[in-house]
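This report concerns only the one structure given below.
The values are calculated or read from the model by the stated rules, or taken from the named source; none is laboratory data. It should be emphasised that the depicted structure is a prediction, and the values quoted were computed from it without experimental measurement. Note that each Cβ is placed from the backbone with ideal geometry, even for glycine, and that neighbours are counted across all protein chains shown.
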Amino acid sequence: MSAAEAAPTAEQLELEIDGDEAAALERFHAWGFTDGLPVVIPTRERVARMCAGAKHYPLESLGNLAPREGAATIQKIAINAVMAGCLPEHMPVLEAAITAIQDPEFNLFGMQTTTHPCALLCIVQGPVVAQLGLNAGHGCMGPGTRANASIGRALRLVLQNIGGAIPGTTDKATQGGPAKYGFCFAENEAESPWPPLRTTLGLGVEDSCVTVAAAEGPHNINDHLSSDGESILNTIAQTMATVGSNNLYVGGDHFVVFGPEHAEAVAASGFSREDVARYLYEHARVPVERISEQKLEELTSWGGYAERLEAWGRRIPLAREPSHLRVLVAGGAGKHSCWIPTFAVGFSQTRAIELQASICQL
């Protein structure tokens, strides 16, 4: 195919482009195959090496991704993984995440097309974190670690190039957000005073898994002076109690990510993970007096809970039940935690990562 011709169709797996890799990159930008940043050109050899790290065969499909309903074959996933800078051993993480987002309860179509600025959040857990060098400590939600950055970016490119979430065309996010470039981090299990998150989601300590959600970027929670658990939890609850959140509209599950120092202080005050969730369920609420009449009418029509306002004491909870609050630890030293709101029209999903023997030996 000549580089001067129109953009290829989604079904074309191989292209011939005149010139060097710099010329190919310019063509990729022109075709809208990138996230706006430079990518690694997915040559036949690079894609073959990436496919070798997968658990499935290259032409095997993990399903069709909304809204385009493009077939997520291993080969196509590998093409996007190469572009994002992944290593072959990252493929099983991508396979698990792409399987998880197709659960009907996740609501992939909604996430891909909404005006809400949600991005695909991927939380990696278990032995694979150390094996692949994922960052669970300082700066884990930001730049600087290849595994975090490339896995998160690869998932975004898959959603765009296979699923067809094209900004301004099918992806209707009013403003979008930087988390759409990639949002992947690991649970800091080593510094958590509570059992691993995955043990509350049906998996064992020995398992590796990914939890995916349609999420906003993290909202920082700063509390440097509080030393007891209830004081820290009150700060977190009041930070969460915002009028404009999708979680206030429709509930859904969302994430409270404790920094290790906050987690240690909360646990030392006798709070289990379940205690934390119950406290935040009761205290992360918005009194109806803070909500305008028009906004309250909108909230109750979307959330379907007009008849529950009195039972809630006219204080609307950010989570409809304690179990919808996902509590975990990530990050390094410093008295910060964060709340990760979600799209809420759907629920996070968790899937085990099937590792190849070669990966397990890293």
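Within the stretch 203-215, is even one residue more than 20 Å from G303 (Cα to Cα), assigned to a loop (DSSP other than H, G, I, E, B), of a type outside the set (A, V, I, L, M, F, W, C) and not assigned by TED's automatic domain parsing to the domain that holds Q349? Checked against the condition, which is being more than 20 Å from G303 (Cα to Cα), assigned to a loop (DSSP other than H, G, I, E, B), of a type outside the set (A, V, I, L, M, F, W, C) and not assigned by TED's automatic domain parsing to the domain that holds Q349, the stretch 203-215 yields no hits at all. Of all residues in the stretch 109-136, those being under 29 Å from R68 (Cβ atoms) and among the small types (G, A, S) number 2. So which residues in the stretch 99-120 are touching a strand residue (DSSP E or B) at 6+ places or on another chain (Cβ under 7 Å), assigned to a loop (DSSP other than H, G, I, E, B), under 17 Å from Q160 (Cβ atoms) and touching a residue at least 60 places away in the same chain (Cβ under 8 Å)? Residues satisfying the conditions are I101, C118.
Matching residues to (1) in a loop (DSSP other than H, G, I, E, B); (2) modelled with pLDDT of 95 or more; (3) among the acidic types (D, E); (4) under 25 Å from L120 (Cβ atoms):
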| site | (1), (2), (3), (4) |
| --- | --- |
| G176 | yes, yes, no, yes |
| A190 | no, yes, no, no |
| G217 | yes, yes, no, yes |
| S231 | no, yes, no, no |
| Q238 | no, yes, no, no |
| Y249 | no, no, no, yes |
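Right, I123: buried (at least 21 other Cβ atoms within 10 Å of the Cβ) and over 13 Å from the mean Cα position of the chain (by Cα) or not? Answer is no for this residue.
Rundown of residues vs (1) farther than 24 Å from G152 by Cβ; (2) out of contact with any Phe, Trp or Tyr (no Cβ under 8 Å at 6 or more places or on another chain); (3) of a type in the set (G, A, S), yes/no style:
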{"site": "P8", "(1), (2), (3)": "yes, no, no"}
{"site": "F28", "(1), (2), (3)": "no, yes, no"}
{"site": "W31", "(1), (2), (3)": "no, yes, no"}
{"site": "A52", "(1), (2), (3)": "no, yes, yes"}
{"site": "A66", "(1), (2), (3)": "no, no, yes"}
{"site": "A71", "(1), (2), (3)": "no, yes, yes"}
{"site": "Q75", "(1), (2), (3)": "no, yes, no"}
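Exactly one residue out of E282, E310, E274, E298 is charged (D, E, K, R), assigned to a helix (DSSP H, G or I) and out of contact with any strand residue (DSSP E or B) (no Cβ under 9 Å at 6 or more places or on another chain), and it is E298. Number of residues in the stretch 211-231 that are over 13 Å from V256 (Cβ atoms), hydrophobic (A, V, I, L, M, F, W, C) and surrounded by 22 or more Cβ atoms within 10 Å (Cβ to Cβ): the value is 2. Scanning the stretch 265-277 for residues that are farther than 23 Å from A214 by Cα and buried (at least 16 other Cβ atoms within 10 Å of the Cβ) returns A265, V266, A267, F271, D275.
Within the stretch 67-75, identify whether any single residue is assigned to a helix (DSSP H, G or I), crowded, with 23+ Cβ neighbours inside 10 Å and in contact with a Pro (Cβ under 6 Å, 6 or more places away or on another chain), and answer yes or no. Checked against the condition, which is being assigned to a helix (DSSP H, G or I), crowded, with 23+ Cβ neighbours inside 10 Å and in contact with a Pro (Cβ under 6 Å, 6 or more places away or on another chain), the stretch 67-75 yields at least one hit.
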